[in-house]
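Take a look at the structure set out below.
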Amino acid sequence: MAGDDGEAVRNKQVIFRDYVSGFPKETDMEVRESAMKLRLPEGSNGILVKNLYLSCDPYMRNRMKKLDVPSYRDSFQPGSPVTGYGVARVLESGHPNFKKGDLLWGFTGWEEYSLITAPETCFKIAHADVPLSYYTGLLGMPGMTAYAGFFKVCSPKKGETVFISAASGAVGQLVGQFAKLFGCYVVGSAGSKEKVDLLKNKFEFDDAFNYKEEPDLDAALKRCLPEGIDIYFENVGGKMLDAVLLNMKIHGRIAVCGMISQYNLEQPEGVHNLMNMVLKRVRMEGFTVFDYYHLYPEFLEMVLPQIKEGKIVYVEDTAEGLENAPAALVGLFSGRNVGKQVVVVSHE
């Protein structure tokens, strides 16, 4: 019950130091320990949780700057813990949706123990017969992003050509597999030979290329997709978007999920080939996953059997311990991770 003294513990935390310009650095965050009592405040309808896994995601870069217009979530607060998606176990609950011992995924702090004050935004984990870390990726926000972006925003048809940038990342690897299972021809770009091999051999993309080794992205796309692109799943922006616009088919669709090439620039790059949207009657639509969370049960119904039958595979890049979380997050922006970047806080 809330109100007793609770166990006194040391709570290791990743603290955000100050707003960031340019590329983020590990020193923009620091790891600290503070004392806390494991109890809910009197009358709280929040939940007290032990964090198990944390998710490193590119959108978090936008939260490192002071935002005039909220993006995904509000900015990180200097002097407070970083926040993001994670998997946790409930220690104490003042909310009717959760009880002690429940597993959940949702928004939590980058710390060992968190008080979640808006538990209605969290999802209870009903299927624990898959790796729990999957709920930071395949079965969490990135999985839902891939599902909503591909099936709902792109309106795919069997036999269409699909191009995915940042294709080995948390979202891209799933979009490619969904598209293949749906009966599309799938090509991806990534930033290393290892990642390109992963796309072709593990995720069974039809073709892939290393954009860092392509002096002419337009030529690379024409080589891999000579008849053009029906669907582009956009994670990168900048020069890649400009090249894709030259290669879209008539009535093509572009789902704008993210633009990681632009996040660390003081002045975003311009896009020069937008006239092709008119000539080819292309539809380009930005989206955020929050608008589609009501479809989560439908998503699970589709994807859980495919995981268990081995039709969908997932690659994670795991960092052990909160002390390694800042390096893991910063590494996203140099492409250091291979697959979904996860931080393990506790194996329990």
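The values are calculated or read from the model by the stated rules, or taken from the named source; none is laboratory data. Computed from a predicted structure; not experimentally measured. Cβ placement follows ideal geometry from the backbone for every residue including glycine, while neighbour counts extend to all protein chains displayed. With ligands, DNA and RNA removed, areas are computed over all heavy atoms of the protein, side chains included. Shrake-Rupley method; radii C 1.70, N 1.55, O 1.52, S 1.80 Å.
Across segment 141-290, Cα-Cα distances exceeding 23 Å account for 27% of all pairs.
Out of the trypsin sites (Lys or Arg not before Pro) in segment 190-282, which ones are loop residues according to DSSP with at most 12 other C-beta atoms within 10 Å? Mind showing how you got there, number by number?
Working: sites: K193, K195, K200, K202, K212, K222, R223, K239, K249, R253, K280, R281; in loops: K280, R281.
Answer in residue order: R281.
Step by step: find N for the chain, compute 2.2 N^0.38 Å, then divide the Cα radius of gyration by it. What's the final number? Show your work: numbers first, answer last.
Values: Rg = 20.7 Å, N = 348, 2.2 N^0.38 = 20.3 Å.
Cα Rg divided by the expected 2.2 N^0.38 Å: 1.02.
Summing Cβ point charges (Lys, Arg +1; Asp, Glu -1) relative to the Cα centre of segment 220-263 gives a dipole of roughly 100 debye. Using alpha-carbon pairs under 8 Å, 6+ residues apart, how would you state the relative contact order of segment 238-321 in percent? That works out to 32 percent.
What does the accessible area per residue of the chain come to in Å², with a 1.4 Å probe and no ligands, DNA or RNA counted? The partial results should precede the final answer.
Working: 15120 Å² over 348 residues.
I get 43 Å² per residue for the chain.
For a straight C-alpha distance cut-off of 12 angstrom, the aspartates and glutamates reachable from K311 (same-chain residues fewer than eight places away being disregarded) are E204. Summarising the amide proton neighbourhood of A319: residues at separation of 5 or more, or on other chains, whose placed amide H is nearer than 5 Å comprise V342, V343, V344.
Listed by chain and number, the aspartates and glutamates whose alpha-carbon sits under 17 Å from that of K66, ignoring those within fewer than 8 places in the same chain, are D18, D28, D74, E266.
Given a cut-off of 29 Å, name the pairs among K50/K195; K65/K280; K195/K308; K25/K124; K180/K239 whose C-alpha atoms lie farther apart than that in the structure shown. Exceeds cut-off: K50/K195; K65/K280; K25/K124.
Probe radius 1.4 Å, ligands and nucleic acids ignored: give me the carbon and sulfur share of the accessible area of the chain as a rounded percent.
Values: 7720 of 15120 Å².
Here carbon and sulfur together make up 51 percent of the probe-accessible area.
The sum of -39500 (n - 2.57) across all DSSP H runs of n ≥ 4, divided by the residue count of the chain, sets its helix-only mean residue ellipticity at 222 nm to -5000 deg cm²/dmol.
Given the options S93, I116, M259, identify the residue whose Cα lies farthest towards the positive end of the charge dipole of the chain (+1 on Cβ of Lys, Arg; -1 on Cβ of Asp, Glu). About the Cα centre, the residue reaching furthest to the positive side is M259.
If the only charges are +1 at each Lys and Arg Cβ and -1 at each Asp and Glu Cβ, what is the size of the charge dipole of the chain around the Cα centre, to the nearest 20 debye?
Charge dipole, the chain, about its Cα centre: 620 debye, nearest 20.
Entry note, the chain: relative contact order of 17 percent, from Cα contacts under 8 Å with a spacing of 6+ residues.
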